[in-house]
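S.K.: This structure is in structure tokens; I'll ask about it shortly.
No lab work stands behind these numbers, since they all come straight from the coordinates. These numbers come from a predicted model, not from an experiment. All Cβ positions, even for glycine, are placed from backbone atoms using ideal geometry, and neighbour counts span all protein chains on display.
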Amino acid sequence: MAQYMKLTERLWSSIGDVYSAILNHPFIKGLSDGSLEENRFRFYIVQDHLYLREFSRAVALASAKARNEEEQVLFATHIADALNVERSLHGKYLSRWGVNVDDYGMSPTNAAYTSYLLDVAYSRPYHEVIAALLPCYWIYMEVGRELIRRGSPNELYNMWINTYGGEAYERGVNAVLGIMDSMELTSQETAAAMSRFRLASIYEYMFWDSAYRMERFPFKP
């Protein structure tokens, strides 16, 4: 049966346990019912701000490895989109809280996740790079859809939800899904892509969890 499935269908079916755990995590539930403490959300926004800087660098490497000009331009556009989120959406939150993000360091999970993405982006072939980057795109879209469906009584959280649940964001994700499905991979290459995708998806869960726990290094790095 698996041989007749699109690669993206196989990828998604391989993380059912991870995605279910994300939707049922108290951070996500707290966003939708409004019960999430604002200090946990603030921790998340700061970490996401730091994450997007490194994610953009990994996407730049994907653009450099792209198969054609169209894909190269697509990823270059996504770099600009990620940095715009950093400046506009995050900027609104940080300004509201009077937070200077440069006063903060990465959480252990954030440092590990971004190091993983950059290592794959620098050293591995294009199909593995896309597979490693894809969970950030895709899981955020699906979580955004679910949170829009649920709604939130907290306008602070709704502002975030509407960014990742909108049509413009979905178009960008679908374009990356199309790239993944267009690749003609050997069984070995497919296995490598699936491994990259699953590990990055686990990091996505860990990112939410680390924000909820406001995770910090036990000693100053």
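S.K.: With θ taken as phi - 60° and the coefficients 6.51, -1.76 and 1.60, list the Karplus ³J(HN,Hα) couplings across the stretch 207-221 in order, rounded to whole Hz; mark glycine and proline as x.
M.R.: For the stretch 207-221, the Karplus-derived couplings read 5, 4, 5, 5, 5, 5, 8, 6, 5, 9, 5, x, 9, 5, x Hz, x marking Gly and Pro.
S.K.: Which ³J(HN,Hα) values, rounded to whole Hz and listed in residue order, are derived for the stretch 152-158 from phi using the Karplus coefficients 6.51, -1.76 and 1.60 in 6.51 cos²θ - 1.76 cosθ + 1.60 with θ = phi - 60°, glycine and proline given as x?
M.R.: Calculated HN-Hα couplings, in order: 8, x, 9, 5, 4, 7, 4 Hz.
S.K.: With n ≥ 4 as the cut-off for DSSP H runs, can you work out [θ] at 222 nm for the chain, using -39500 (n - 2.57) per run divided by the number of residues, rounded to the nearest 500?
M.R.: Details: 11 runs with 173 residues, N = 221.
About -26000 deg cm²/dmol.
S.K.: Based on alpha-carbon atoms only, what is the radius of gyration of the stretch 88-184 relative to the globular estimate 2.2 N^0.38 Å?
M.R.: Working: Rg = 16.2 Å, N = 97, 2.2 N^0.38 = 12.5 Å.
The reported ratio for this selection is 1.29.
S.K.: Let me ask something else about it. I'd like the distance between the alpha-carbon centres of the stretch 42-121 and the stretch 122-150, rounded to an integer number of Å.
M.R.: With the stretch 42-121 and the stretch 122-150 each reduced to a Cα centre, they are spaced 13 Å.
S.K.: Quick one: which residues, 5+ away or cross-chain, put their amide H under 5 Å from the amide H of residue 36? H built at 1.01 Å from N.
M.R.: Those qualifying (amide H under 5 Å, at least 5 residues apart or on another chain) are 31.
S.K.: Tell me the Rg and the Dmax, in Å, that the Cα atoms of the chain produce.
M.R.: 17.1, 54
S.K.: Can you work out the FRET efficiency for the pair residue 155 and residue 13, with r the C-beta to C-beta distance and R0 = 25 Å, to the nearest 0.05?
M.R.: Numbers: r = 36 Å, r/R0 = 1.43.
That pair, residue 155 with residue 13, gives E of 0.10.
S.K.: If the chain between residue 202 and residue 115 were fully stretched, how many nm would it gain, using 0.36 nm times the residue separation less the Cα-Cα distance?
M.R.: Values: separation 87, 0.36 × 87 = 31.32 nm, distance 1.44 nm.
Taking 0.36 nm per residue and subtracting the Cα distance, the gain is 29.9 nm.
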